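Just below is one structure, and these are the notes that go with it.
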Amino acid sequence: MSFAFRNAWREIRNNRSFCLFYVVNLALGLVGFLTVDSFKSSLDEKVREESKLLLGADLAIRARRDLTPEELQGVKRLLPTEAETVEVVDFFSMTAGPKGKSRLVKVIAMDPGFPFYGSFRLKLEGMANGGEEMLLHKRKLAWIYPELESQLGAGLGEEIKIGKTGFRISDFVIKDSGLQFQAAEMAPKVFIGKAFLDETNLLQVGNTAFRNLLIRLPPGSDQAEIEKALSLKLSSPEVRVYTHQKAGHRAGRLLRYLSDFLSLVSLVALFLATLGSGYLFHSFLIKRTIDVAILVSLGASRSKATLTYLFQLTLLGSMAALPALVAAFLFLPVLSVAVEGIVTDEIKVFLGWKSVGLAFLVAIFAGWIIALPSLRKLSRLNPLALFQEASQPGSQPGGKAFLFFIPAIVAFWGLTVLQSDSWKLANLFFIALLVSAGVLFILGLLGLKVINRAFGKSRLPLRLAARSLARNPSSSTTGFVALGIGVLLLSLIPQFQYSLEQEIGLNQSESKLPKLFLFDIQENQVDRLVNLLEEKGKPLSNLTPWVRGKLLKVKGVDYEKVVDSNRESTDPDEQRRNRFRRRGFNLSYRDRLLDSEEILRGRMVVSEYDPNSTRPVEISVEQKYAESLDLDLGDQIEIEIGGVSILSEVVNLRRVRWTSFQPNFFVQMQPGVIEKAPKTFIGTLNKIDSGEKEAIQDALVSEFPTISILDVERTGQTILSIVRQMTWALQVMAGLSILAGLTILFSVSREKAHKLRWELNLQKVLGASFTDLRNQVRIEFGLLGLFASLVGTSLSALVSFVFAEIIFDRVWSYHWGLPCAITLAVVILSVLTAEFAAKKVLKMKPAYLLREN
Amino acid sequence: MNPLLRLKQISKSFHQGTQRIEVLNRLDLTVQQGEIISILGQSGSGKSTLLSLLAGLDHPESGTVEVNGEDLAKLSQDQLSKFRSQNLGIVFQQYHLMSNLTAVENVGVPLELQGSRNFAEPARMALKQVGLSNRLAHFPSQLSGGECQRVALARAMVSEPDLILADEPSGNLDQKTGREIMDLLFGLCRKREQSLILVTHNLELAKSCDRTLLLADGRLKPMDSNDQD
Amino acid sequence: MTNRTSTSFRISLSFFMIGFLGLANSCTDPGVEKSGHENPKPTEDADPSFRILILGDSLTEGFGVSAEEAYPSLLEEKLNAELSPRTKLRYKVVNGGISGATTSGGVSRVEWFLKAKPDYLLLALGGNDGLRGIPVKEIKKNIDRILHAARKNQIPTMLAGMKIPPNYGEDYAHSFSQAFAQLAKDHQIPFIPFLLKGVGGNPEMNLPDRIHPNPLGHQALCQTVYESLVSALD
């Protein structure tokens, strides 16, 4: 045992350059992996916190009535003793200002202690956590949303009437936490202490107020279990139990996607680095084979020899983990800056002990596992080889050698699953990577043959380069696969970004993203509204008619009888409600597409309906909606609009960008049919600064009290900024992968140059100049880089298409400029790297050759 | 007639750590066109150094190396490369064939390096002369030791150089094969009146040459039949 | 990531985010007719029947219940079962309810529907206006215009009175419910004091959201309307 250990150290000391490369290579892959892993833990915790902030609690019980004493008892019994609860009542009400102006508001009547997580950001007082000591709970004070000041005509210190009671405005709420079930509110909020709710006399019989029981669990509680138990106990359909994850924001979900993607990408860098190290080790071991044979012939057992190298790998792995940890530690703040703004507060970046342990574990195990095939060769070594002339150690591996790659593949799959929260994503990614590697490998082998044939009769440098590539398939394909995967990744990530941008419309000027969404605009209000807005310099965009339709028959069958394939719930009440919902839809009429739309199949509707034709009315149907009704091109449905039954035929299936925030409809009818039917209009307001938004809303509310206004800006902007930062972080990771790929290339090149040093020098002796030889190296690796890039970028197009199909609902659009740039860059880098690696050998004096060895 | 090769007062030394080892010490050598000479010497006597100088792969510290009247020290790197491909043929002990080229391609390398596109025909001829017409498309890994050395021979001959340097060409071969190779080498040189400098430690082989020189103490001495090793 | 999110539909808020669903129910209109006009008109039935149009919102449309369980359907059944023998008329109730509808939308809708010349109009709008806090003055103005349009077309009309939940505030609630009575008086038309009599605020009669009536509630609704209608029609 100790012999093996000492031998391992000896090997390290005597092969410093190999060890250095091995360690650097591995460390490179580990850096990305580690950074993301520790970032992920930080991120996960942040996301959890964030969703808790949104709900303001761990759990919430919500109903339009008080809980019965029996229900309350049940709840108490199910909660751990240290659990805290707080009650908040929210409802809509008409509030009047001192001058009599009234407005619909949402009243939040809260107990002291709300919210458990997060706090209020008030204009005057700053941060307030709603604790007992707050004056709000002691006196009849109110905190209001800033826009209410003008809408109610009530300023600081003035009184507003809630029900029978007057509340004095003591502050303005810039930002609030808790009970945020939706991304946008329909009415501005007013916060009062719950103690004063009874006085208002508003909660009489028949009220529609929501009672919320918010729960904070002590640390270590099993939230999922408690939630399940509560849901079971509170079986009345009137009561809903929410966890903070369920109530979570869309941003949280996107963050989770980001985190998963990041870790997967970082895994690729790790994979490549491991591959490179494995290759290095393989070459290293081959050189040592003779020595090992000697050892064995001197009496050492094969297992001792194998043990030596296992020790060596362990030591090297540990040595790789250290710089990786340091680099990750330095790199983490950079990454956290990148995702700033996605979450409200900073993410604490910390390198947890778990990550440290993981680093060592992965470094060592990865080294072992990838070395398995090489070590296996060692164990099959026959010292007789020593006695043979010109012994060529390391013959072709037998067929069984492939089996020894399986542990590596399985281990990698395990790591993939571990690092991502979603099985689906992990497996998808793993399969994509495996298939890509496989395709690259096969194409690489084929390509080598093609190259060999193509340049078989060319001039010497070209021919030698081709031959060198073709006759060393293992090193050539290693370099090829590594580079190819790096290129694949590097071009894939921006494709996603590009697709997402197209989807959301990021490429278009920011002004296209609406700030306010107006709807329920009556036909007779349109002119006045348009004029008013133009006067204010904020023109109305996307003015679109909005017609309500009901589904009567689908393909000749009464709608009621249509079996719905998506059984969303087993509750018959729920089912009935869902069916009711789907029976109706909003439609419009248009003969052209918006930017956010795309015809998947079929043709555009005919511009104007011909009343003399006997054909049914033409409609364009959104694809997923069509699927849910089992509709295809040519199918007919009967729609009732304003009491009129209209038979229509599906002329095209359309895809709609959900993130475009533009008015989109599931059904678009051809113009000339329903223009006179009763309808409302919707529109968007785009170019508004935050300051102006309040003023505009004010004007609209007073002039057109029946028009509804929805503030989409915040939601839209958040999503966009998330996407931007997502892709930045992803690209950094992808860059690491390319770096790992190039490092492999460097190793491969160096290896080759070293192996071929005799021949390179021979060529010098025979009369080749340094330029000739340098060109040879350039051509060889330039070809490798070029081919790898071409295949890599093609694969990236394919993979991005597949991913777009499954994850992003077919938002595939390809940006061709990027792959060209990457190909060029990779070719140049490959050439430079190879040249640099071979430089030492190239500069060697050919006299070396003549020395007796 | 001008000698093909003339070395005048060549000195060359190496540094090993802090020691300075003199390998060649004011060495003189003159070789006429068509002469076949052998240079004998113990291991470490400086044979390789001498060969390097002869091949223009290295420069002496003092003295001159003239080939066909040209001082090698005055040539640029490019000119030296050209010189080597045109005027020199080297046969190594370890054959040193290019593993990724076939036999005929290996033989054609010097011609290609000179810029000639038409190397296949001369290469084939050269291989025919060494008796390997049936091995043209084989890679070195597919050839035996003797066959490899023949290919090396053919390569050394293919551009019809004036001077051939052979460094223990039969050193890695068994006696019979070695004998065959040497016969081939001598035969070809004589036929074409090419000069051959054979570096060896084999006395037998040395005796087949026109002249035998002994490399000792950094200088070359003619060896008469009385000198024994 | 399709946007089939289930936004919670409350009677007050049929508001949508981007890409959303509407509500509908199947109409009891028998006409499976292909539109042959440039702008289709509501169908005219050939049969000698008495057509009652109910212009309303999700209450009328029957949110959360099936088409047959909604009160307009039940009303038609009841009328044909009990009133028909007396009046010798076949009754047809046209369900003009749309979830989320407000009085301001009713103005344009009623003109559309009146083209088909119903024999009677029951106006059951206003609930959503109340839940959105629309000023009562505005509501009155709109209902006024609807009633005028009906009169101009010589359609006898009945107005259903609404109430809003108490949490909206007494002043507003009071002036809101008063508005309907006032309007009925001004236009001298029959008036149902409170459409959701016995149903509103009664958990037994409502769906779990405590806003929309369940089948039992719709039956009560039907009864309420029937009683008023019968006295008006007889």
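State whether the residues of segment A:448-456 include one that is assigned to a helix (DSSP H, G or I) and polar (S, T, N, Q). Step through it out loud before you land on a result.
At the first step, the residues of segment A:448-456 found to be assigned to a helix (DSSP H, G or I) are A:448-454.
With polar (S, T, N, Q) added as a condition, the list becomes A:452.
Yes, because at least one residue in segment A:448-456 is assigned to a helix (DSSP H, G or I) and polar (S, T, N, Q).
Within segment A:69-102, the residues that satisfy the criterion of being surrounded by 12 or more Cβ atoms within 10 Å (Cβ to Cβ), under 27 Å from A:GLY163 (Cα atoms) and more than 41 Å from the chain's Cα centre (by Cα) are A:MET94, A:THR95, A:ALA96, A:GLY97, A:PRO98, A:LYS101, A:SER102.
Residues are listed down the side, and each one gets a yes or a no for (1) among the aromatic types (Phe, Trp, Tyr); (2) more than 30 Å from A:THR165 (Cβ to Cβ); (3) crowded, with 21+ Cβ neighbours inside 10 Å; (4) over 15 Å from the mean Cα position of the chain (by Cα):
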{"position": "C:THR102", "(1), (2), (3), (4)": "no, no, yes, no"}
{"position": "C:VAL107", "(1), (2), (3), (4)": "no, yes, yes, no"}
{"position": "C:ILE139", "(1), (2), (3), (4)": "no, no, yes, yes"}
{"position": "C:MET162", "(1), (2), (3), (4)": "no, no, yes, no"}
{"position": "C:PRO166", "(1), (2), (3), (4)": "no, no, yes, yes"}
{"position": "C:ASP171", "(1), (2), (3), (4)": "no, no, no, yes"}
{"position": "C:GLN182", "(1), (2), (3), (4)": "no, no, no, yes"}
{"position": "C:HIS187", "(1), (2), (3), (4)": "no, yes, no, yes"}
{"position": "C:ILE192", "(1), (2), (3), (4)": "no, yes, yes, no"}
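Picking from residues in segment C:70-89 that are closer than 14 Å to C:THR224 by Cα and aliphatic (A, V, I, L, M), the one that is surrounded by the fewest Cβ atoms within 10 Å (Cβ to Cβ) is C:LEU74. Which of the residues that make up segment A:764-782 are touching an Asp or Glu at 6+ places or on another chain (Cβ under 7 Å) and within 11 Å of chain B (Cβ to nearest Cβ)? Scanning segment A:764-782 gives a single hit, A:SER769.
Residue-wise test of (1) modelled with pLDDT under 90; (2) among the small types (Gly, Ala, Ser); (3) buried (at least 20 other Cβ atoms within 10 Å of the Cβ).
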| position | (1), (2), (3) |
| --- | --- |
| B:GLN114 | yes, no, no |
| B:ARG117 | yes, no, no |
| B:ARG124 | no, no, no |
| B:SER144 | yes, yes, no |
| B:VAL151 | no, no, yes |
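Against the numbered list (1) in contact with a strand residue (DSSP E or B) (Cβ under 9 Å, 6 or more places away or on another chain); (2) surrounded by fewer than 21 Cβ atoms within 10 Å (Cβ to Cβ), B:VAL91 comes up short only at (2).
Only a single item in (1) more than 14 Å from the chain's Cα centre (by Cα); (2) within 13 Å of chain A (Cβ to nearest Cβ); (3) not aliphatic (A, V, I, L, M) is not met by B:ASN134, and it is number (2). Note on segment C:102-143: among residues that are in contact (Cβ under 8 Å) with a residue 40 or more places away in the chain, of a type in the set (D, E, K, R) and in a helix (DSSP H, G or I), the one that is farthest from A:GLU523 (Cα to Cα) is C:LYS140.
Within segment A:1-30, can you find the residues that are free of Cβ contacts under 8 Å to residues at least 12 places away in the same chain and not in a helix (DSSP H, G or I)?
Filtering segment A:1-30 for residues free of Cβ contacts under 8 Å to residues at least 12 places away in the same chain gives A:2, A:6, A:10, A:13-14, A:16-17, A:20.
None; the set is empty.
Every condition in (1) touching a helix residue (DSSP H, G or I) at 6+ places or on another chain (Cβ under 8 Å); (2) closer than 17 Å to A:ASP90 by Cβ; (3) modelled with pLDDT of 90 or more; (4) among the aliphatic types (A, V, I, L, M) holds for A:LEU179 except the one numbered (3).
In segment A:109-135, the residues that are closer than 21 Å to A:LEU217 by Cα reach residues that are basic (Lys, Arg) and at pLDDT below 90 with C-beta atoms within less than 6 angstrom, at least six apart or across chains, in these pairs: A:TYR117/A:LYS52.
Listed here are the residues, each with its yes/no results for (1) modelled with pLDDT under 85; (2) more than 12 Å from chain C (Cβ to nearest Cβ); (3) surrounded by 18 or more Cβ atoms within 10 Å (Cβ to Cβ).
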site: A:LYS164; (1), (2), (3): yes, no, no
site: A:PHE172; (1), (2), (3): no, yes, yes
site: A:LYS175; (1), (2), (3): yes, yes, no
site: A:ALA187; (1), (2), (3): yes, no, yes
site: A:PHE191; (1), (2), (3): no, yes, yes
site: A:LEU203; (1), (2), (3): no, no, yes
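Only one residue in A:ALA454, A:ALA432, A:ALA465 is away from every other protein chain (no Cβ under 12 Å), among the small types (Gly, Ala, Ser) and crowded, with 17+ Cβ neighbours inside 10 Å. Which one?
The unique qualifying residue is A:ALA432.
Quick one: which of A:ILE144, A:ILE160 is within 14 Å of chain C (Cβ to nearest Cβ), touching a Pro at 6+ places or on another chain (Cβ under 9 Å) and within 29 Å of C:PRO135 (Cβ to Cβ)?
Working: A:ILE144 fails: within 14 Å of chain C (Cβ to nearest Cβ).
It is A:ILE160.
Checking the structure you have, find out if any residue of segment A:625-643 is in contact with a strand residue (DSSP E or B) (Cβ under 9 Å, 6 or more places away or on another chain), crowded, with 23+ Cβ neighbours inside 10 Å, closer than 30 Å to A:GLU534 by Cα and in the same structural domain as A:ILE521 (by TED's automatic domain parsing). Among the residues of segment A:625-643, not one is in contact with a strand residue (DSSP E or B) (Cβ under 9 Å, 6 or more places away or on another chain), crowded, with 23+ Cβ neighbours inside 10 Å, closer than 30 Å to A:GLU534 by Cα and in the same structural domain as A:ILE521 (by TED's automatic domain parsing), which makes the answer no. Just so you know, in segment B:72-117 the residues that are in a helix (DSSP H, G or I), more than 18 Å from B:LEU51 (Cα to Cα) and facing chain A (nearest Cβ under 8 Å) include one that is nearest to the chain's Cα centre (by Cα), and it is B:PRO110. Would you check if there is a residue in segment A:438-451 being under 20 Å from B:PRO140 (Cα atoms), of a type in the set (Gly, Ala, Ser) and surrounded by fewer than 20 Cβ atoms within 10 Å (Cβ to Cβ)? No.
Would you check which residues across segment C:180-207 are within 14 Å of chain A (Cβ to nearest Cβ) and either outside any loop (DSSP other than H, G, I, E, B) or modelled with pLDDT of 95 or more (or both) and list them? Across segment C:180-207, the qualifying residues are C:PRO203, C:GLU204, C:MET205, C:ASN206. The set of residues from segment A:170-211 being touching an Asp or Glu at 6+ places or on another chain (Cβ under 6 Å) and free of Cβ contacts under 8 Å to residues at least 60 places away in the same chain comprises just one member, A:ASP171.
Of the strands (runs of 3 or more DSSP E) entirely within segment A:32-140, those holding at least 1 residues that are touching a helix residue (DSSP H, G or I) at 6+ places or on another chain (Cβ under 7 Å) occupy A:59-63, A:84-96, A:102-110. Before we move on, is B:LEU53 crowded, with 22+ Cβ neighbours inside 10 Å and more than 30 Å from A:THR771 (Cα to Cα)? Answer is no for this residue. Evaluate segment A:805-820: report whether one residue or more is part of a helix (DSSP H, G or I), at pLDDT 85 or above and more than 14 Å from chain B (Cβ to nearest Cβ). Checking segment A:805-820: at least one residue is part of a helix (DSSP H, G or I), at pLDDT 85 or above and more than 14 Å from chain B (Cβ to nearest Cβ). Would you point out which residue out of A:LEU285, A:LEU275 is of a type outside the set (Val, Ile, Thr), touching a helix residue (DSSP H, G or I) at 6+ places or on another chain (Cβ under 8 Å) and either within 30 Å of A:GLN731 (Cα to Cα) or without any contact (Cβ under 8 Å) to a residue 60 or more places away in the chain (or both)? One residue alone meets the criteria, A:LEU275. Looking at (1) crowded, with 24+ Cβ neighbours inside 10 Å; (2) in contact with a helix residue (DSSP H, G or I) (Cβ under 8 Å, 6 or more places away or on another chain); (3) more than 9 Å from chain A (Cβ to nearest Cβ), can you tell me which one B:ALA156 breaks? For B:ALA156, the failing item is (2).
The values are calculated or read from the model by the stated rules, or taken from the named source; none is laboratory data. If you're wondering where the values come from, they're calculated on a predicted model, not measured in any experiment. Don't worry about glycine lacking a Cβ; one is built from the backbone with ideal geometry, like all the others, and counts go over all protein chains shown.
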